[in-house]
1. If you go through region 90-122, how many residues are in a loop (DSSP other than H, G, I, E, B), surrounded by fewer than 20 Cβ atoms within 10 Å (Cβ to Cβ) and modelled with pLDDT of 80 or more?
2. Residues that are at pLDDT 90 or above and assigned to a strand (DSSP E or B): does region 471-479 have at least one?
3. Out of (1) on the phi < 0 side of the Ramachandran plot; (2) touching a helix residue (DSSP H, G or I) at 6+ places or on another chain (Cβ under 9 Å); (3) in contact (Cβ under 8 Å) with a residue 40 or more places away in the chain; (4) surrounded by 18 or more Cβ atoms within 10 Å (Cβ to Cβ), what's the single condition that is false for Gly552?
4. Name, by its number, the condition in (1) farther than 30 Å from Ser464 by Cβ; (2) modelled with pLDDT of 95 or more; (3) not β-branched (Val, Ile, Thr) that does not hold for Gly496.
5. Just checking, which of Glu606, Glu586 is within 19 Å of the chain's Cα centre (by Cα), at pLDDT 95 or above, among the charged types (D, E, K, R) and open to solvent by less than 50 Å² (accessible area, probe 1.4 Å)?
6. Which residue, of Gly161, Gly143, Gly198, is open to solvent by less than 40 Å² (accessible area, probe 1.4 Å) and more than 25 Å from the chain's Cα centre (by Cα)?
7. Sort out which residues of region 330-358 are open to solvent by less than 50 Å² (accessible area, probe 1.4 Å) and under 30 Å from Ser402 (Cβ atoms), and write them in order of number.
8. If only one of Tyr221, Tyr210, Tyr262 is over 25 Å from Gln150 (Cα atoms), hydroxyl-bearing (Ser, Thr, Tyr), open to solvent by 50 Å² or more (accessible area, probe 1.4 Å) and part of a strand (DSSP E or B), which one is it?
Amino acid sequence: MTGIAMAAVIASSPFPVAAQSQTASLSSMQPRTESGRQIYDAGQFSRFNPRTALDMVRQVPGFTIDTGDSDERGLGQADENVLINGARISGKNIDAFTFLGRISAANVLRLEIVDGATLSISGLSGQVLNLVTNVSESSGLSGNFKWEPQWRRAGNNWLDGEASISGKLGKGDFTLSIENDAARNGVEGPEQITDRFGNLLFERDEISRYRQDQPKLSGSYSLAGDGGSIFNANAAYQLYRKRETVATDRTQVGQSDIFELYSSRENEWNAEFSADYEFGLGGGRLKLIGLQRFEHSPVTDFFGQTSSDGVTPARGSRFDRVTDEGESILRAEYGWKTAGGTDWGISIEGAYNFLDNEGALEVLDPQGVYQPVVLTNADSKVTEYRGEVVGSYGRPLLENLSLQATLGGEYSKISQSGAAGESRSFIRPKGSVSLAWRPQPDLDISLKVERSVGQLNFFDFVQSVDVSQNSGNAGNPGLVPPQSWRAELEATQKLGPWGSLTVNIYGEKFSDIVDSIPITATTEARGNLDSATSYGVEMVTSILFDPIGWTGAKLDFEGEVRRSSLRDPLTGIYRRISDDKIYSYEATLRHDIPGSNWAWGAGVEESRYSDFLRLDQITRFRTGAPYSWIFVEHKNVLGLTVQANLGNLFGRAENFTRTAYGDLLGQPGDLDRDFIRGRRNGPIAFVEDRSREFGLIYRLTVSGSF
């Protein structure tokens, strides 16, 4: 967004416009304070030689981009902590990382950090970054590009990159971009399978390869009218091509070797178009928003076994699924101000979502012919009609204390076709209360309590099969949307020339949370449990080393510790939520050498999640060591920024353990098929334990602008 459109957005922004400081030190990363905002001028980032606005935002001490919940119902209220000229980023197909990466650093005027509860944008709280761009009448073109090839043991990735170009078109501004999120990954290593007593049954030597390409073409157009109206349109079309294989040589004492192959392929395409129009009406401003999204996804999964004796019949199974998904949204937002700086608002949203699924399972018979297997709930269509009304109110209570509150509700009707289909409707309240308090100039404290309604995964309604483990979900047409209460307290302490520290303490109470539940004595599906809780602490900090004479060096740290609890539907014992985060951290050291174009650094990251639980098995995933890296960067190689990165210095591996419950049947051929499935409160049938390595990763990043 540039030119006249920027000027109009700034004019309607909840942020007052401040003149750019001419006195800020280009080497200092200490912000100035103005009207409760922490302000960084663009020149303060010059030592990083940024190409895009994203390069600048990543260097703001103590700030981390939060793109919100990617599964948020509809458009809803703002939950992404980045604004552009005081306005939300429109559309669901584009997030803050993508949008900021398309804005040239030359067009950035300043970056402002403010508590979201002080703004007239409902839903925001805690630290929010507002990027202010300059107003230019230039009709020339500008652009950015980045190429990130990667080399590793499993294969080379030459096709990851992005490029964008921006300029004027008529009286408005446009941006066109092309990108490809490519991956060429792979791991390999041994696996041992033991019985319930720890006796070795057989061993596997596995080689896994993963290939992905997601080419995407997108464009945006913005136009500002003379009367202060603003029009924005966004469109995107994307292909998704995935290929995954796991080739296994299986050995067993006294038995013939067996070759196993698992493969999965997906050929998806998706498209999205959104537009919004904002204009003055009465004593306020009205914004109309529309969005249409569609996705078509054919998927084929295969698993087969071939014995080396040449006599044993081959075994195999194949699951084919074709899914169409869509979402249509219309939303209206109206806001106005009254005396005393009070902000009022009301929003109305209507949405239609659907998933249309067809699934087919075939199993190889002894004659080598694939025979169909009847699935009772794989061919089905799930739809949801939803309406929402939310009112908002915000005002300063004191000079350093602000209040923001929202209150509303939603109506939804969920229907499913097919033999197991049914239709149900729900009314759910939602809302929030936020307080922003600044007890002293360098300390911000915010408190938020929110009632929200979660988005269901429509795939949980339909039957699916995992051919690699011969398991699946029966599908559950009785699912209802989960709800939650969340309270969080966030404090940000500016450390002067040393940087910044933010701590967030939160707690959540869930009702109707989704987990695995029994459908029959032998089948299971995703269903609702009565309640669950979680709580945790997040910390984000940046420490600058300039005060001790290490000029240009800084340490960024982000970490979270989380605890959760629910009553297990099978055992009745309280446990963590399945596959829930336990902890995560990332630390990065960067040194921009003064008086040169060189920079270097290192980093380490790690995360751990709780076990993934089905009713018949428990899966545990662990990493052998944290992922770590070092890098060196030169900011002017023929006008380009070039960074070389060497990753996985500690030899991180993927350690996987699956414990299946039930009873083995005689001499096992394929364990997942030759045993009677049980529940995980019964005896263990067998345990899979594997470790896969992927070696060093070499990465090069070349970026530039024009």
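1. Adding up the residues that qualify gives 1.
2. no
3. (1)
4. (2)
5. Going through Glu606, Glu586 in turn, just one is within 19 Å of the chain's Cα centre (by Cα), at pLDDT 95 or above, among the charged types (D, E, K, R) and open to solvent by less than 50 Å² (accessible area, probe 1.4 Å): Glu606.
6. Among Gly161, Gly143, Gly198, only Gly143 is open to solvent by less than 40 Å² (accessible area, probe 1.4 Å) and more than 25 Å from the chain's Cα centre (by Cα).
7. Once the filter is applied, which keeps residues that are open to solvent by less than 50 Å² (accessible area, probe 1.4 Å) and under 30 Å from Ser402 (Cβ atoms), region 330-358 yields Arg331, Ala332, Glu333, Gly335, Gly341, Thr342, Asp343, Gly345, Ser347, Glu349.
8. Criteria check complete, one pass: Tyr221.
The values are calculated or read from the model by the stated rules, or taken from the named source; none is laboratory data. Being a predicted model, the structure only gives us computed values, none of them experimental. Virtual Cβ from ideal backbone geometry, glycine too; neighbours counted across all protein chains shown. Surface accessibility is based on the protein's heavy atoms, side chains included, excluding ligands, DNA and RNA. Shrake-Rupley method; radii C 1.70, N 1.55, O 1.52, S 1.80 Å.
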